[in-house]
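Visitor: Have a look at this one before I ask anything.
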């Protein structure tokens, strides 16, 4: 404890031109050597890995890590849509996408969009996020899930042409 500066050590008195004295902070840390600088990158700034390191990988969306999937929550919406992308290689054939080399049909690109619709007009896109906890989580009961699945099965029995081809 003897090495720690006291209140007296932290203040110096400096003479002023008019003959008075004033208190100024003492330079007690002048003997501390500076830390080494990080390696510089090609752009002249510090290398990103030297400052913060690589980003942590996003965990997969499972019921263990993604609260919206436990239940599931009545506010959670997951939609699979077609990705609008260019066709630089001319891969669109008469029956859909075709590999330009093998001429074999390939699956069309899909995107999964996860959304939380907590209240009409309040929408949160969850595509890149993992939700560990939510104060609006409202799980559907097993009965509600069965009723929804039954309505979907009955509808698809009446309109089989509306069934997903995938």
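Visitor: Among the residues of the range 133-166, write down those that are surrounded by 10 or more Cβ atoms within 10 Å (Cβ to Cβ) and part of a loop (DSSP other than H, G, I, E, B).
Guide: 134, 136, 137, 138, 140, 141, 163
Visitor: Can you name every residue in the range 120-139 that is more than 22 Å from the chain's Cα centre (by Cα) and under 14 Å from residue 77 (Cα atoms)?
Guide: Scanning the range 120-139 gives 120, 138, 139.
Visitor: Those residues that are surrounded by 14 or more Cβ atoms within 10 Å (Cβ to Cβ) and in a strand (DSSP E or B), I need them from the range 118-131; list them, please.
Guide: 118, 124
Visitor: Can you tell me how many residues within the range 84-116 are under 29 Å from the mean Cα position of the chain (by Cα), loosely packed, with under 10 Cβ neighbours inside 10 Å and modelled with pLDDT of 65 or more?
Guide: Qualifying residue count, the range 84-116: 2.
Visitor: Also: Based on this model, can you work out whether residue 39 counts as modelled with pLDDT of 70 or more, surrounded by 10 or more Cβ atoms within 10 Å (Cβ to Cβ) and touching a helix residue (DSSP H, G or I) at 6+ places or on another chain (Cβ under 7 Å)?
Guide: yes
The values are calculated or read from the model by the stated rules, or taken from the named source; none is laboratory data. Please read all numbers here as calculations on a predicted model, not as lab measurements. No Cβ is skipped: glycine too gets one built from the backbone with ideal geometry, and neighbour counts run over all protein chains shown.
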